[in-house]
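S.K.: My questions will all concern the structure given below.
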Amino acid sequence: MAQTKRKSRDGGGGDKAKGKRGKPGGKKQKGADARERKGPRLPNVLRKEVERLNPIEDEEIDSDEAEVYGRDFYEYEEELPEEEKRKNRRFDPVENLEYQLPEEFEDENVSSDDDDNDMGDAGEDEDEDEDDDDDDDDGRQGIARIPAFEGKKKRNTNVVVSEAYPESEYNPTRDTLDGEGPVNIEDLLNPLHGKSGYSKLRKRIHHLEKKSVPTPAPLPKADQEKLERMAAHEKSKEELQKWEPIIKRNREAPTIYFDDDMDLRSSRASDFKPRTEFEKKIASLVYDDQVKDAHLKDGSRLLELNKVSAEDERDRHNRMAKMRSLLFRHEMKSKHIKKIKSKTYHRLLKKDRVKATSVQSQMDPDTAKELAMKQEYERAKERMTLRHKGTSKWTKRIKERGIDVQDEGTRAAIAEQQHLHAQLTRKMNSMKDGSSSSSSDDSSDEDDIDVYSPGSDHARAVKLLEKAKEKTRNVLKDDDENEVPNSGVLSLPFMVRGLKKRNEAAAEEAKLALQEYESWSNPLEDSSGADNLNVGPPSGRMVFNGSKKNAPESSNKTKTGNKMRTDNYYANSDSEDDLEPEENVDVENDRSSDFHKDVNISTALLHEDSQNHKDSLFKNFGDIVQDPGPKTTHEVSIFASGSWKKIKSSNSADANGKKSTCRLESVERNQNLQEPVEDLDEDSDADSEGQMVDGILSSNPKDEYRLPSQAELIRQAFAADDVEDEFEKEKQEVLNEENPEPEKPTLLPGWGQWTHVQKKKGLPSWMQKEHEDAKKKREETLKKRKDAHLKRVIISEKLDKKAEKLFTKTLPYPFTSKEVFEQSIRMPLGPEFNPASAVGALNRPEVMKRPGVIIRPVEFEEVNPQGKVEDHKQIGKKQKKRNQSNKSRSSSDKIVTKVKTKLKS
Amino acid sequence: MLSTFSVSRILFPNIQSLGILTPKLLNLGPYTLDFTSSGRHMAVGGRKGHLAIVDMKTMGLIKEFQVRETVRDVVFLHNDLFFAAAQKSMANILMTGRYPYIYNRDGTELHCLKEHGAVLRLQFLKNHFLLASINNFGQLHYQDVTMGEMVGSYRTGIGRTDAMQVNPYNGVVALGQSLGTVSMWKPTSSAPLLRLLCHKGPVSAIAFHPNGHLMATAGKERKIKLWDLRKLGDEPLQTLPGNAKTLDFSQKGLLACQLGNGSSVQILRDLDGNQTYKTYMNHGMVKGFQIEKLLFRPYEDVLGIGHSMGWSSILIPGAGEPNFDTLVANPFETSKQRRESEVHSLLDKLPAETIMLDPAKIGTLKPERKKEKPTKQEKVAGIEAAVEVVKAIKLKKKTKGRSKPSKRTIKKKELIAKAKSPFLAQEMKEEEQVARKKQKTIEYVETPTSLLRFVRKKATA
């Protein structure tokens, strides 16, 4: 409609322009020029025809305008003579006007501010500007132009106006047309006075008059949005701030109760009110008076009510029959369709079906929503798991340059890659589920076991042996566990037999190996045990035994001698132990010495020896122990003598050195000397029964009990003086273990030593410096140790990994210092340590809630932000509470800061 | 001499009624003892295989039996129903019957704890339900008696020792050493927590005050020393003369120690409360009685003495805690209460990790690790710093096209890569280690069942 209107007007305009053509002067001439160049050349007759037609059209549309045009048209008709030139090109301008005008008009717009101001007016208006010299339809335009083109006024002096129309803005008065009394905006506005929108228009005009600065171009969209977001944030912040006091109160409250405004009635069945239609229907049926009555009275009435009329039944029957027939038809139809073998038909059918579903999904908001949700979920999930693992050069480059700079295709490719990666990872995840791995624990356990080794060869050897044993045992076990396969070649009988045989042989071998290990490890263990004891100098009884002869040469005692003595010591300390420790110790002793000297003396032989000598020694025993005193006295005296003899024997062993035969003898002798001890014990068991009783009844221990001499006692006390040195060494070891000494810097031999000059230089300075630094650091740490100033104390500073879970990982929020926190947790919470009134408050949970209570969202209420929370609990509780609230607060803070940063960016 | 109350009961008090006064049994000593935490029951172990449980209220024998093995130590478990005995067979050297056993009160052997080896001393940690033992090779074992799990097994490396005592305050086990050192152990660490050089000679006995702050040690060099465990120093609080083979603190802090050559008992008391112990009482046994074990009876003013001739008890006024807390230990416990308390104590069982020198530290801030692995962030920061340094280097302007932009970028990249490489290498190394460890564990499990048929059988021999 508008289109046609414009066209028609254009046509009209063009004709008007023709009228203007002869006149000199700005706008009209311009329009005329355009017309001149492009306008179609019409024969006069034809043109007249057109002119006659057009106004009619206009009139049909807008009578007012038509009138005006009509009048103008007449005016311009008079200046026709110059038109003859352009008659040839009469059709062009029409076309051109259509297409070129918008461009032209834009240019004009930029130059003249008018159009910016009348934003409300449509393009229609502007079109008119182009060719209408008669701008009266819009007063402003008129005013803008009229003073500019003086020529028009002059021209208009000749104008003859027939006052056929009422005076209006479209029909200017004579004065105006003559140019007398310039038309200003007031003139144009006045007639509008009192109309709706007048004040608005006036305001706008005032505004225009005041400042006619060009309106700045709108901000870029991003900036605009940013501003909007900022404003929105301000608003939302304000909105949120009013909640702060409430939240603060809730957070600081030691306990939140959810039971005081409890309202269970709403959920009670009796208060149920039917709301939906269905519910109402049901309710009307259920609460029907008749039914109620029937229920109350008896069942027969119910039956009556249950009666169905014959009509209803017939209806139902008919309905069912109809449904059935429908179903049958449908079935038949589907059968028929199924029979059709045409593929295209089916394809089309399928296509239709798909289309239908898609249409349905589009039409039905629920399904559409569901679909969208599903897709969204899918995408979110993908995004979560998406990890791009671009390792190719291309992707790397792209990444380096930034994906944002890339064009659409590249981005898509990257996305594709990422998608692929995601898929792969998903697949991987689905492939392997929960691989069990607690290797670290295992290793630590191993470490635990291995960490403490005495560091001697024995320890290592023992360990090795143990390992070997373990392995053989494992093999044995494996053998046992190895089952014969049920199928395959291996299940054939002869194969099975062969396997079994092999397994047996292997087991035999393993057992043998195990025994061998056992035999090796026994002496090793003994010696190791002895060694451990021997680290320090002999003490107590031991010294007392070996005092006279061995004191000077204590430093270079042979191993065997040492061992014997230590063993003696323990034997003595164990004196009441039992019979065989002595023997045991000795045999072990011998075995160990054998082991060291590669002489194989079978234990059996030793046993034989011991047995042989037993008898003789049994006799000797009588000499040694003469007085029948209490048992203890026996022991003491005998041990004294026994050990003395032992020492002697061991010395002889030392002297014999490597001569195995001689040593064997000495061992035997040794054995002999040991025997009395055992025998004595046995004997004392047998003999001293009677004496025991005597001892209790009449004890005269003075003469039996021989006190060690004073000198011996002193020696006993101070013999092991260098335990301190030993301890010192031990401490050093521990320190080295816990804070290892820095390694000495070394160069590869020959490295950097081309000449003797280089050699002289020695290590490079940075190496030395590093070493020095490391040393210094170590010393510092050593100084910080708790036992730094204590000579006789070693406090381990190793951290127990297993106990780590018993400690607090980080300092909880309100606390700033460790000490304060540790002080605070010292207060016990239990009922044993607190008055009954305080226990409840101390241990009350943070949220008190009864089952069945509906927790409603927080409602807004005025809270005095300065008001303190009533019912303060004790410190410990509060702090605990605060810790919790802190967590939530920090998270909320995080969100807030996130939002802020977003806004800023 | 203040040997006032010497209610010495030699051997079992109502021997006649029990019919065990046979001369042969007299030689089964020396005896070692243990009381339940309530003091109601006593377990007695004769060195030569005599085990017995006595109800101390009625002085009646509940059960006695002969195990025909050397008994080194007896200890009650959490209540009087079970007790453990460290035994060693006497018959043959080569026979290896040297394990601790757990019996019930009827003398039925319930468990043989073979893993412990030839145990010399046993201790039971009541709150943790751990049975601790030290064997003749100096191996310390901790076994959880609830589930039977071996919680810790360590080679102490201190050699053979039979001085072992649990600190009742924190559950730390102290071991005496032949070199005069006392070392303290916990079940979750293979190294001692504390080593203290106490004596010049071998340590023969250790005792802890019930509050856990005071330790008494006896050395073979005839000295008894008292140590403050809260403030460890080079010098002891007090040094007393005495060659004690056994020491014990009473609930009220009296210290009983053996005197002289083993047949007299001295009771010391901290009269002023400033940790200076002075002689309170002396008790002389019949000469020749070797005292094996001194043990105060909880909640009673009685000191039990296990000696070579049996067991005696003497009255020591002010030794025991007069007010017992039935929630802790009830001497008048009925069987129902006992069952109840057993369940409670099991529920309140402390994990083995809670054993530490200062249990008050539990819940405090985690001590800083000295050599903690750098976190991922730190690693990244390190790399970044290195890269920054490299980036800051300005390349020299060179001629002949060596300063072409392309060359420069290449050079820069190289430098950056060079700066990064040590970090990356380090990371790789660590990863490799982790992977290796993982592989070790997985190796055996890894092959899927479908491929098992292709796996070569391990060589059997």
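S.K.: Looking at B:I206 and the list (1) more than 11 Å from chain A (Cβ to nearest Cβ); (2) part of a strand (DSSP E or B); (3) surrounded by fewer than 24 Cβ atoms within 10 Å (Cβ to Cβ), which single condition is not satisfied?
M.R.: Answer for B:I206: the failing condition is (3).
S.K.: When A:P814 is evaluated against the numbered criteria (1) open to solvent by less than 100 Å² (accessible area, probe 1.4 Å); (2) part of a loop (DSSP other than H, G, I, E, B); (3) modelled with pLDDT of 85 or more, which criterion, by number, is the only one it fails?
M.R.: (3)
S.K.: Okay, next question. Give region A:353-378 a look and list any residue that's assigned to a helix (DSSP H, G or I), over 30 Å from A:R426 (Cβ atoms) and open to solvent by less than 100 Å² (accessible area, probe 1.4 Å), or say none.
M.R.: A:A356, A:V359, A:P365
S.K.: Restricting to region B:221-235, what's the tally of residues that are part of a loop (DSSP other than H, G, I, E, B) and open to solvent by less than 40 Å² (accessible area, probe 1.4 Å)?
M.R.: 5
S.K.: Hey, another quick one. Would you mention how many residues in region B:15-62 are at pLDDT below 85 and either outside the structural domain of B:Q87 (by TED's automatic domain parsing) or open to solvent by less than 50 Å² (accessible area, probe 1.4 Å) (or both)?
M.R.: Selection size over region B:15-62: 7.
S.K.: From the list A:K805, A:K791, A:K880, A:K902, pick out the single residue that is at pLDDT 85 or above, open to solvent by 70 Å² or more (accessible area, probe 1.4 Å) and assigned to a helix (DSSP H, G or I).
M.R.: Checking each option against the conditions leaves just A:K805.
S.K.: I would also like to ask the following. Would you point out which residue out of B:E353, B:E368 is charged (D, E, K, R) and at pLDDT below 90?
M.R.: Answer to the check: B:E368.
Conditions tested, residue by residue: (1) in contact (Cβ under 8 Å) with a residue 24 or more places away in the chain; (2) among the basic types (K, R).
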site: B:L254; (1), (2): yes, no
site: B:G262; (1), (2): yes, no
site: B:G273; (1), (2): no, no
site: B:K287; (1), (2): yes, yes
site: B:E300; (1), (2): yes, no
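S.K.: Report, by residue number, each residue of region B:236-245 that is within 12 Å of another protein chain (Cβ to nearest Cβ) and either over 15 Å from B:L255 (Cα atoms) or crowded, with 18+ Cβ neighbours inside 10 Å (or both). Spell out how you get there, then give the answer.
M.R.: Residues of region B:236-245 within 12 Å of another protein chain (Cβ to nearest Cβ): B:236, B:241, B:243, B:245.
B:P236, B:N243, B:K245 - these are the residues of region B:236-245 that are within 12 Å of another protein chain (Cβ to nearest Cβ) and either over 15 Å from B:L255 (Cα atoms) or crowded, with 18+ Cβ neighbours inside 10 Å (or both).
S.K.: If I go through region B:177-201 residue by residue, how many of them are within 7 Å of chain A (Cβ to nearest Cβ), within 17 Å of A:D787 (Cβ to Cβ) and of a type in the set (A, V, I, L, M, F, W, C)?
M.R.: Here the count works out to 5.
S.K.: Evaluate region B:402-413: report whether one residue or more is at pLDDT 85 or above and within 30 Å of A:T810 (Cβ to Cβ).
M.R.: no
S.K.: Let me ask you something else. Scan region B:99-145 for residues that are open to solvent by 50 Å² or more (accessible area, probe 1.4 Å) and assigned to a loop (DSSP other than H, G, I, E, B) and report the count.
M.R.: Selection size over region B:99-145: 6.
S.K.: When the residues of region A:761-781 are filtered to those that are surrounded by 14 or more Cβ atoms within 10 Å (Cβ to Cβ) and within 14 Å of chain B (Cβ to nearest Cβ), which remaining residue is nearest to the chain's Cα centre (by Cα)?
M.R.: If we take residues in region A:761-781 being surrounded by 14 or more Cβ atoms within 10 Å (Cβ to Cβ) and within 14 Å of chain B (Cβ to nearest Cβ), then A:T781 is nearest to the chain's Cα centre (by Cα).
S.K.: When you check A:L829 against the structure, is it modelled with pLDDT of 90 or more, within 14 Å of another protein chain (Cβ to nearest Cβ) and over 23 Å from B:V182 (Cα atoms), yes or no?
M.R.: no
S.K.: I need every pair where a residue in region A:170-197 that is in a loop (DSSP other than H, G, I, E, B) has its Cβ under 6 Å from the Cβ of a residue that is at pLDDT 80 or above, sequence separation at least 6 or different chains.
M.R.: Every condition considered, no pair remains.
S.K.: So, of the residues in region B:386-401 that are assigned to a loop (DSSP other than H, G, I, E, B) and under 20 Å from B:A417 (Cα atoms), which turns out to be farthest from the chain's Cα centre (by Cα)?
M.R.: The extreme case among them is B:K396.
S.K.: How many residues are polar (S, T, N, Q), in contact with a Pro (Cβ under 9 Å, 6 or more places away or on another chain) and closer than 29 Å to B:P192 by Cα when one looks only at region A:780-838?
M.R.: 1
S.K.: On to the next question. Only one of B:A218, B:A174 is under 19 Å from the mean Cα position of the chain (by Cα), open to solvent by less than 10 Å² (accessible area, probe 1.4 Å), farther than 26 Å from B:V151 by Cα and more than 8 Å from every other protein chain (Cβ to nearest Cβ). Can you tell me which? Working first, answer last.
M.R.: Numbers: B:A174 fails: farther than 26 Å from B:V151 by Cα.
It is B:A218.
S.K.: Looking at this structure, is A:E733 open to solvent by 100 Å² or more (accessible area, probe 1.4 Å) and either more than 22 Å from B:V172 (Cβ to Cβ) or touching a helix residue (DSSP H, G or I) at 6+ places or on another chain (Cβ under 7 Å) (or both)?
M.R.: no
S.K.: On the basis of being more than 14 Å from chain A (Cβ to nearest Cβ), basic (K, R) and out of contact with any helix residue (DSSP H, G or I) (no Cβ under 6 Å at 6 or more places or on another chain), does B:R369 make the cut?
M.R.: Here the answer is no, as B:R369 does not meet what is asked.
The values are calculated or read from the model by the stated rules, or taken from the named source; none is laboratory data. Please read all numbers here as calculations on a predicted model, not as lab measurements. All Cβ positions, glycine included, derive from the backbone under ideal geometry; neighbour counts span all protein chains shown. In case anyone asks, the SASA skips ligands and DNA or RNA and just uses the protein heavy atoms, side chains included. Shrake-Rupley method; radii C 1.70, N 1.55, O 1.52, S 1.80 Å.
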